[in-house]
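Novice: There's a structure below that I have some questions on.
None of the figures in this text is laboratory data; all of them are computed from the coordinates on show. Everything numeric here is computed off the predicted structure, so don't read it as measured data. Because the Cβ atoms are built from the backbone with ideal geometry, glycine has one as well, and the counts that use them run over all protein chains shown.
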Amino acid sequence: MPATALGLAPVNFLYTNIGRGHPYYLDGIVECLSPDRVGGVTDVFEATSGLSRRGWKLARSIYEGGGRGRSHSLLYNWLRGRSDFNRPGLAQEIMGRPLRRTYLNDPAPLVVAHPVLAAILKDKPNLFYQHGEIAAPRESWVRGKHRVFVPISQTAITLLAAGAATENIFVSGLCIEPALVSQADGAFDARLQRLAGSDPLCGAFFSSGAEPRQHVDSLVAAATSVLSAGGRALIFAKRSGALAARASARLAREGQDFEAVRSPEDAPSKMPRALMCVYEDRHELNEFTRKLFASFDFFVAPSHERTNWALGLGLPMFVVDPPLGSFSPLNREFLLDSGVASSLLDLDEAASFGETLTELRRSGELPRMAEAGWRRFDIRGFFNIAELLGSS
């Protein structure tokens, strides 16, 4: 019998739609939830107007500014480090006013994935806060009666120590794209065989949505180094972004042939040595990833939401530094301590990455990293959350 026939209200979702990480953690739940249980899906820009909407646009500008250079990154890090959403100020009051009018007295379940939304709506009945990150920095310690989804028990321990009630925490498992979970077993077996073999390995290279200059430079240098050492590179870059421009220029300057595709439908069935996948939005990026995931032997990225891949999919990770914001440093620390990742500390290390990778493979370290991360934790987090919400 459908859930709605049992009298269960559809589940609503409120996005920030700033960056990829927080929105991504709602996308997976929506995808796994039965369609008849998905209610209103909106974001803060659609749900606000006037001064409130301008406040959200300013927040988006600060996030995007974090990628424009060192001074902007310092401002972004400073603001994130000072965030305490349990002490509402004027900005939070203004940005949250229309959201409280819409949702506060609505009994229907609502899922959010950003701590500021959890704080704004903490008095709402049936509020669920999806905290998909391993890391739980101070800004995520939002006090209230809402239910919190966390990926692993270590995350839960941090929130319990910060005052969360045990009955309000649900340990979901790692939140990994459902399309990748379905491929995980076959991809891992094939990857281990390739890592133990002698054929060229294929690396996937990702930036964050803000594309910080230091990350972009390291990603370009690392991808170029892998190609120069005889490997293969898959570069995922947003259209009109810094990574697409700088990687194209660098590869052309160094005489590295590469193919660029602008639609997931055009992704080649046979992988070239270098492929740049240019995407418009996170949905295109997800589709590119789904189609090409079987080719991934390792990946290079900041320590944000893809941290989950290294901890569950048996996919060696190389973290580009510096870690920006409040979540990334803690994710990075957990990755390194778990033995599933290594870091590229600076541009020099990125420039010699091809040689480093060759040595890690020769010594057996790459297969060891893959095995250390294979199903280290439950990888069905999105499915488990959807199951809980489907019966709520």
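Novice: Roughly how many whole Å is it from the C-alpha centroid of region 363-391 to that of region 102-116?
Specialist: The two parts, judged by their Cα centres, are 28 Å apart.
Novice: Subtracting the Cα-Cα distance from 0.36 nm times the residue separation, let me have the gained length for Ser198 to Gln92 in nm, one decimal. Before the final figure, lay out the partial values.
Specialist: Details: separation 106, 0.36 × 106 = 38.16 nm, distance 5.54 nm.
Full extension of this stretch gives 32.6 nm more.
Novice: Could you list log10 I(q)/I(0) for region 234-320 at q = 0.14, 0.22 Å⁻¹, which the Debye formula gives when each Cα is one point scatterer?
Specialist: The computed values of log10 I(q)/I(0) come out as -0.51, -1.25.
Novice: Additional query: I'd like the Karplus ³J(HN,Hα) series for region 363-372: coefficients 6.51, -1.76, 1.60, θ = phi - 60°, whole numbers in Hz, and an x wherever there's a Gly or Pro.
Specialist: 7, x, 6, 4, x, 5, 4, 5, 5, 5
Novice: If you don't mind, there's one more thing I want to ask. Which FRET efficiency value, to the nearest 0.05, is calculated for Ala294 and Glu31 with the Förster distance at 22 angstrom and r the Cβ-Cβ distance? Working shown, then result.
Specialist: On the way: r = 20 Å, r/R0 = 0.90.
FRET efficiency, Ala294 to Glu31: 0.65.
Novice: Next up: Test of understanding: in a Gaussian network model of the chain with alpha carbons linked when under 10 Å, which of Ala210, Ala91, Ala184 would top the mean-square fluctuation ranking?
Specialist: Greatest mean-square fluctuation among the candidates belongs to Ala91.
Novice: Now for a different question. Mind checking the alpha-carbon convex hull of region 146-200 and giving the volume per residue in Å³? Can you show the working numbers first?
Specialist: Details: hull volume 6.6 nm³, N = 55.
Convex hull of Cα atoms, per residue: 121 Å³.
Novice: Shifting gears a bit: List the lysines whose Cα sits under 25 Å from the Cα of Lys270, skipping any in the same chain fewer than 8 residues away.
Specialist: Reachable lysines: Lys238, Lys291.
Novice: In addition: Measure out, as a whole number of angstrom, how far apart the alpha-carbon centroids of region 323-347 and region 286-308 sit.
Specialist: Each part reduced to its Cα centre gives a spacing of 16 Å.
Novice: Would you grab the residues whose amide H sits under 5 Å from the one on Val38? Only those 5+ places off in sequence or on another chain, please, with H modelled 1.01 Å from N.
Specialist: For Val38, the qualifying residues are Val11.
Novice: Quick one: Kirkwood hydrodynamic radius for region 224-274, alpha-carbon pairs, angstrom, one decimal? Mind dumping the intermediate values first?
Specialist: On the way: mean 1/r = 0.0856 Å⁻¹.
This gives a value of 11.7 Å.
Novice: Each residue of region 145-150 in turn: what ³J(HN,Hα) in whole Hz from Karplus with 6.51, -1.76, 1.60 and θ = phi - 60°, glycine and Pro shown as x?
Specialist: These are the phi-based 3J(HN,Hα) values: 9, 5, 7, 10, 9, 10 Hz.
Novice: In a shell of Cβ-Cβ distance under 12 Å around Leu366, excluding Leu366 itself, what net charge do Lys and Arg (+1) and Asp and Glu (-1) give?
Specialist: On the way: positive: Arg191, Arg194, Arg361, Arg362, Arg368; negative: Asp297, Glu359, Glu365, Glu371.
Net local charge, Leu366 excluded: +1.
Novice: Let me ask something else. Averaging over every viewing direction, what projected area does the convex hull of the Cα atoms of region 290-352 cover, in nm²?
Specialist: Working: hull surface 18.3 nm².
Convex hull of Cα atoms, orientation-averaged projection: 4.6 nm².
Novice: Still on this structure: Using bins 20 angstrom wide from zero, how does P(r) for the chain break down, in % of all Cα pairs?
Specialist: Binned Cα distances yield the sequence 28, 57, 15, 0.
Novice: If you bin every alpha carbon distance in region 237-392 into 10 Å steps from zero, what whole percent lands in each bin?
Specialist: 10, 31, 39, 17, 3, 0
Novice: Same structure again: Quick one: Kirkwood hydrodynamic radius for region 183-233, alpha-carbon pairs, angstrom, one decimal? Display every interim value, and only then the final one.
Specialist: Numbers: mean 1/r = 0.0796 Å⁻¹.
That comes to 12.6 Å for region 183-233.
Novice: Also, quick follow-up: Using θ = phi - 60° and the Karplus relation 6.51 cos²θ - 1.76 cosθ + 1.60, list the HN-Hα couplings for region 351-360 in order, rounded to whole Hz, with x at every Gly or Pro.
Specialist: My calculation for region 351-360 gives 5, 9, 4, x, 5, 4, 4, 4, 5, 5 Hz in order.
Novice: To continue, here is another question. How big is region 137-257 on each of its three principal axes, counting only the C-alpha atoms and giving the largest first in Å?
Specialist: Sorted largest first, the three principal extents are 58, 35, 22 Å.
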